[in-house]
Amino acid sequence: MTLPPIVATSFVETVGESGMVDDTRRIVVIGAGPGGISSGYYLREAGYTDITLFERAGEVGGTWQRNRYPGLACDVWSHVYSFTWNLNPAWTRSYASQPEILEYMRQTVTDFDLWPHIRLDTGIANCRWDDDTAQWVLTTDAGEHIEADVVISAQGMFGELKYPDIEGRDSFAGVALHTGAWDEHLDLTGKRVGVIGSAASAVQSIPVIAQVAEQLTVFQRSPNWVLPKEDVAHTPEQLEAFRTDPSALLEHHNGIMSGVGPAIPFTNPESVKIAEWVAACAIEVVEDPAVRKALTPDTPWGCTRPLFSNDYYPTFNRDNVTLVTDAIVRITPTGVVTGNGDGADIEHEFDVIVFATGYHVDKFASRIPITGRDGLALEDAWDDGAQAYLGMTTAGFPNFFMLYGPNTNQGSLIPMIEYQVQYVTKLLQAMDAAGVGWVDVKRDVMDEYNAKLQDALDGIEVWKGGCSHYYLAESGRMVTQYPWSMWDFKAAVETPNLDDFELA
Ligand SMILES: Cc1cc2nc3c(=O)[nH]c(=O)nc-3n(C[C@H](O)[C@H](O)[C@H](O)COP(=O)(O)OP(=O)(O)OC[C@H]3O[C@@H](n4cnc5c(N)ncnc54)[C@H](O)[C@@H]3O)c2cc1C
């Protein structure tokens, strides 16, 4: 028996009665990750019909189809890392693994019949606003031109891999790969592997690689706090209850959400201290005092992105795992050379080098050229770093909406993105009701919002701890983080106000 999807928040509850919408509006969505999929769902529910999701990859799922490194899993509870309009009774454990999340994405697209709206293998190379026709003109990677009344950029934040600037990086004769571009056919059994990096993807992949590699060397520039996570398999009884009783599933979802939704984890000094103490206790498992010391950060918890793993620290007790903290001097055809400044460099030989070195995350929609009113390039509009009103719209770019845009990183991203999609959907409904063709956020409204936001960010002590992290643009402005809670964001975007916009 197939049960109907379990909807935590119904469409009407979230975006209101669909009413009359202008279903001739041509809506283009860039990307078919969680943001694209949610856009397809809400816009179609609202009554829009001309919706196309352009996806550069040959598959939906975004982050979860692109990233396939060993050990990749959700780091927020899966029951709240779910579309609220399609809660998943089948999550096998508290923090689902990448294959399970990808399958959920695909199944969601199938169950909600969104495939007809999706064009795979079709990247958008650029977007240009035509002042005369008041339309967007998009060009695909293959050179096809597409016109649109509304563009939603759901390109995600993690689409551009970051490699370290190390002399000889391309000279390695063995296999070199980034965790974000993993080769699933790569067999690391019996191989000598070097992992460069000690942040999110390193913490997840190192324990898994260590189980099969002959020798694993971890190159750590600076240590990060890694918290344990209560990651348990759901029992057969729980799974049965979630599958057969929608209220049990909803209750479980709501229970977790009641903790995650109002949380602003970094602002409470007590919570920061507790988290640091818990992580410090977790490090105690490491037997070698020198390794233990090297793994212990001297920056406060929260200063860099929080990391979670139950296996990371114990992995350093394995005979086949070595931690190296000396600086990397260069990469050679056979391995990695390190030195501590005394001139006695050491070469570590490898069959495989893994770059667990993260992503460039500060460009948002401007990863592709976007030109707005009067020929304004988004890159120029953002020369001081990306900024937007409510993370979604930026002055000079009419009917252009971003999902997971500037300063929207908080808590669980699927619901965060959903709040944004609901806002855009409601705004379009309001525009239709008022007979408005396009909206462009007023600069003073955007500036006022960002002044408040940056003020609040300034007040978060742990982010001023001098850590090098991905939260900052080159200008030094914090462009990724949202300083308040998920529920604060939800409330802030609940009711779009046409007065915030210049209208045409
Ligand atoms: C390794 C990793 C682990 C993560 N874990 C978590 C987690 O546990 N919890 C959490 O809340 N968040 C996590 N995130 C953040 C995650 O990115 C978001 O939760 C979510 O996937 C964002 O959805 P999105 O649709 O905005 O972007 P994405 O998932 O990045 O999808 C964007 C899609 O747009 C496509 N695209 C980009 N540019 C173009 C273009 N020009 N033309 C056509 N298509 C394009 C891409 O191919 C991609 O499919 C993680 C991110 C990474 C990288």
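The values are calculated or read from the model by the stated rules, or taken from the named source; none is laboratory data. This structure is a prediction, so every number in the text was calculated from the model and none was measured. All Cβ positions, glycine included, derive from the backbone under ideal geometry; neighbour counts span all protein chains shown. What goes into the accessible areas is simple: the full protein's heavy atoms, side chains included, and nothing from ligands, DNA or RNA. Shrake-Rupley method; radii C 1.70, N 1.55, O 1.52, S 1.80 Å.
Our summary gives region 366-435 a relative contact order of 20 percent, counting only alpha carbon pairs under 8 angstrom and 6 or more residues apart. Summed over the residues of the chain and divided among them, the accessible surface reaches 42 Å² per residue at a probe radius of 1.4 Å.
Measuring with a 1.4 angstrom probe and ignoring ligands and nucleic acids, Glu103 comes out at about 80 Å² accessible.
Accessible surface ranking for Tyr389, Tyr312, 1.4 angstrom probe, highest first: Tyr389, Tyr312. Look at the alpha carbon pairs under 8 Å that are at least 6 residues apart: their mean separation over the length of region 347-475 gives a relative contact order of 27 percent.
When you restrict to C-alpha pairs under 8 Å that are six or more residues apart and normalise by the size of the chain, the relative contact order lands at 19 percent. Selection among Gln420, Gly437, Pro406 by position relative to the dipole of region 366-504 gives Gln420 as farthest towards the positive end (Cβ unit charges, Cα centre). When the surface is traced with a 1.4 Å probe over the full set of protein chains, Asp131 keeps roughly 80 Å² accessible.
For the chain, the membrane-span-like helix rule (DSSP H, alpha carbon extent of at least 27 Å along the helix axis, mean Kyte-Doolittle at least 0.0) picks out 413-434; this says nothing about an actual membrane.
Surface composition of the chain: carbon and sulfur atoms hold 51% of the protein heavy-atom accessible area at a 1.4 Å probe. Look at the Cα gyration tensor of region 231-314: its axes a ≥ b ≥ c give a/c of at least 1.5 with a/b at or below b/c, and that counts as oblate.
Considering only Thr122, Ile264, Gly36, the residue lying farthest towards the positive end of the dipole of the chain is Ile264, judged by Cα position with unit charges set on Cβ. Of the two radii for region 10-106, the radius of gyration is 1.03 times the Kirkwood radius, both from the alpha carbons; that is the Rg over Rh value. Once the Cα-Cα distance is subtracted from the 0.36 nm per residue extended length, the Asp458 to Arg221 segment shows a gain of 82.7 nm.
Placing one identical point scatterer on every Cα of region 279-388 and ignoring solvent, what is log10 I(q)/I(0) from the Debye formula at q = 0.19, 0.20, 0.24 Å⁻¹? Once normalised to I(0) and log-transformed, intensities are -1.09, -1.15, -1.34. Solvent-accessible area of Ile124, all protein chains in place: 10 Å² (probe radius 1.4 Å, heavy atoms, ligands and nucleic acids excluded).
Could you sort Ile264, Ile51 by accessible area so the largest value comes first, with the probe set to 1.4 Å? Don't jump to the answer; show the numbers that get you there.
Details: Ile264 50, Ile51 5 Å².
Accessible-area ranking of Ile264, Ile51, largest first: Ile264, Ile51.
Of the GluC sites (Glu not before Pro) in region 227-299, the ones in a loop by DSSP (not H, G, I, E or B) with at most 16 other beta carbons within 10 Å are Glu230, Glu284, Glu287. Checking the a/c ratio against 1.5 first, then a/b against b/c, what shape does the Cα gyration tensor give for region 210-260? Cα axes put region 210-260 in the oblate bin. Taking the Cα centre of region 242-353 as reference, the dipole from Cβ charges on Lys and Arg (+1) and Asp and Glu (-1) amounts to some 440 debye. For the chain, which span is the longest to avoid every loop-located (per DSSP) member of trypsin sites (Lys or Arg not before Pro) having at most 16 other Cβ atoms inside 10 Å? For trypsin sites (Lys or Arg not before Pro) (loop position, at most 16 other Cβ atoms within 10 Å), the longest site-free span of the chain is 319-441. Region 117-190 and region 280-348 have Cα centres separated by 32 Å.
Amide H to amide H distances under 5 Å link Val29 with Thr52, Leu53, Phe54, Ile152, where only residues 5 or more positions off or on other chains count and H is placed in the peptide plane. Remark: the chain carries a charge dipole of roughly 640 debye about the Cα centre, counting +1 on each Lys and Arg Cβ and -1 on each Asp and Glu Cβ.
Here Lys490 is the anchor, and the lysines within straight C-alpha reach of less than 16 Å, apart from those fewer than 8 places off in the same chain, are Lys426.
Cross-link partners of Lys191 among aspartates and glutamates, defined as those whose alpha carbon lies under 17 angstrom from its own and excluding same-chain residues fewer than eight positions apart: Asp183, Glu214, Asp319, Glu347, Glu349, Asp351. Overall size of the chain from C-alpha positions, given as principal axis extents largest first: 72, 55, 45 Å. Here is the list for region 115-167: GluC sites (Glu not before Pro) lying in DSSP coil, each with at most 13 other C-beta atoms within 10 angstrom of its C-beta, are Glu144, Glu167.
Here region 70-95 and region 198-247 have alpha carbon centers that stand 13 Å from each other. Is the shape of region 361-492 best called rounded, prolate or oblate, per the rule: a/c under 1.5 gives rounded, else a/b larger than b/c gives prolate, else oblate, with a ≥ b ≥ c the square roots of the Cα gyration tensor eigenvalues? Since a/c reaches 1.5 but b/c is at least a/b, the shape of region 361-492 is classed as oblate.
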